[in-house]
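Read the structure below first, then the notes.
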Amino acid sequence: MGMLEPLSEHACFGGVQGFYQHASQEIGLPMRFSVYLPPQAVQGKVPALLYLAGLTCTEETFMIKAGAQRVAAELGLALITPDTSPRGANVAGESENWDFGVGAGFYLDATEAPWSTHYRMESYLIAELIPLLARELAVDSRRLGIFGHSMGGHGALTLALRHPGLFKSVSAFAPICAPTQCPWGVKAFAGYLGSDDTARWAEHDACALMRSRPVAPYPAGILIDQGLADRFLPVQLNPHLFELACAKAGQPLTLRRHAGYDHGYYFISTFMADHLEHHAQRLV
């Protein structure tokens, strides 16, 4: 595991907003990420939320746009945001599309060449970044929640369902709920996982994962917010399918639909405090 290298640190609501880089063994390249440590971190390890950003975003997007630090400081929550893909893999075509390749890692481990060498976001987060932060910063990996937006909402739901012992709470903003049934997901999964074995796709589809669970994995509930003026809602997001999957699994779900709100960070920032409270109730 590459050592944590601070790029910049800023006082913020009594805590510290930091941007960091390290040499990732899982990815095989330098990776950047950001961490907000609340003022309570001076006293000892604090519960943390892993936030997964959407297509085209970086490790900076959430920390700049979401307005989360003030409430996180009040609640005593650390915030962690990784980048959305490897950078500098130099795979042919990786920068040609905004919804595949750079900025579009989909939080899974690619199995298809040439993507499988560096595009290993799931193993990076689970096996490397979280242990690194638990070792190097005042982050309590036993009290860890996960949330995200759009592609990152997909990542939050799927990683929460794939690693329920690691994450104690989960929420999402406008997540891609059924990637095997929408253009974004089909494109990404065909590229990263191959088009021959679509059974492998289901292992990274929140609806399929929820349907396969014998008992409700998060009995304290999952929170999802969705804007009804979101231009991606009709074709890409499919929250109603996740709602059905949760009902079948007996999984408590709060799915809130908001008239007038779109897909961006004005929507996310509006409901950010609710999500931080949701996690704090389960982690603090």
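The values are calculated or read from the model by the stated rules, or taken from the named source; none is laboratory data. None of these values were measured; they are calculated from a predicted model. Counting neighbours? That spans all protein chains shown, and the Cβs are built from the backbone with ideal geometry, glycine included. These area figures cover heavy atoms from the full protein model, side chains too; ligands, DNA and RNA do not enter into them. Shrake-Rupley method; radii C 1.70, N 1.55, O 1.52, S 1.80 Å.
Taking the condition of being among the hydrophobic types (A, V, I, L, M, F, W, C) and closer than 14 Å to residue 84 by Cα, how many residues in the stretch 111-132 meet it?
Of the stretch 111-132, the ones among the hydrophobic types (A, V, I, L, M, F, W, C) are 113, 115, 121, 125-127, 129-130, 132.
Right, trim to closer than 14 Å to residue 84 by Cα and you get 121, 125, 129.
The number of residues fulfilling the criteria is 3.
Can residue 146 be described as out of contact with any Pro (no Cβ under 6 Å at 6 or more places or on another chain), assigned to a strand (DSSP E or B) and of a type in the set (Val, Ile, Thr)? It would help to see each step written out before you state the result.
Working: out of contact with any Pro (no Cβ under 6 Å at 6 or more places or on another chain): yes; assigned to a strand (DSSP E or B): yes; of a type in the set (Val, Ile, Thr): yes.
Yes.
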- Task: State which residue pairs qualify: first residue open to solvent by 30 Å² or more (accessible area, probe 1.4 Å) and inside the stretch 34-58, second residue in a loop (DSSP other than H, G, I, E, B) and among the hydroxyl-bearing types (Ser, Thr, Tyr) in any location, beta carbons under 9 Å apart, and separation of 6 or more residues or different chains.
- Result: 56/84; 58/84
- Which pairs have Cβ atoms under 6 Å, sit 6 or more apart or on different chains, and link a residue in the stretch 234-257 that is free of Cβ contacts under 8 Å to residues at least 24 places away in the same chain to one that is open to solvent by less than 70 Å² (accessible area, probe 1.4 Å)? 243/255
- Query: Restricting attention to the stretch 170-183, does a residue exist that is open to solvent by 40 Å² or more (accessible area, probe 1.4 Å), touching a Leu at 6+ places or on another chain (Cβ under 9 Å) and not hydroxyl-bearing (Ser, Thr, Tyr)?
  - Reply: yes
- Query: Any chance the stretch 106-122 includes a residue that's part of a helix (DSSP H, G or I) and surrounded by fewer than 17 Cβ atoms within 10 Å (Cβ to Cβ)?
  - Reply: yes
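Return yes when residue 204 is in contact with a Leu (Cβ under 7 Å, 6 or more places away or on another chain) and in a loop (DSSP other than H, G, I, E, B) and no when it is not. I'd like the intermediate steps shown before the answer.
Numbers: in contact with a Leu (Cβ under 7 Å, 6 or more places away or on another chain): yes; in a loop (DSSP other than H, G, I, E, B): yes.
So residue 204 passes the test.
Being farther than 21 Å from residue 118 by Cβ and either open to solvent by 10 Å² or more (accessible area, probe 1.4 Å) or in a helix (DSSP H, G or I) (or both) narrows it down to one of 153, 191, so name that one. Quick ask: steps written out before the conclusion?
On the way: 191 fails: farther than 21 Å from residue 118 by Cβ.
The unique qualifying residue is 153.
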- Residue selected from the stretch 228-284 under the condition part of a helix (DSSP H, G or I) and of a type in the set (Phe, Trp, Tyr), by the criterion surrounded by the fewest Cβ atoms within 10 Å (Cβ to Cβ): 266
- Query: So how many residues does the stretch 203-227 have that are under 22 Å from residue 117 (Cα atoms) and open to solvent by 20 Å² or more (accessible area, probe 1.4 Å)?
  - Reply: 1
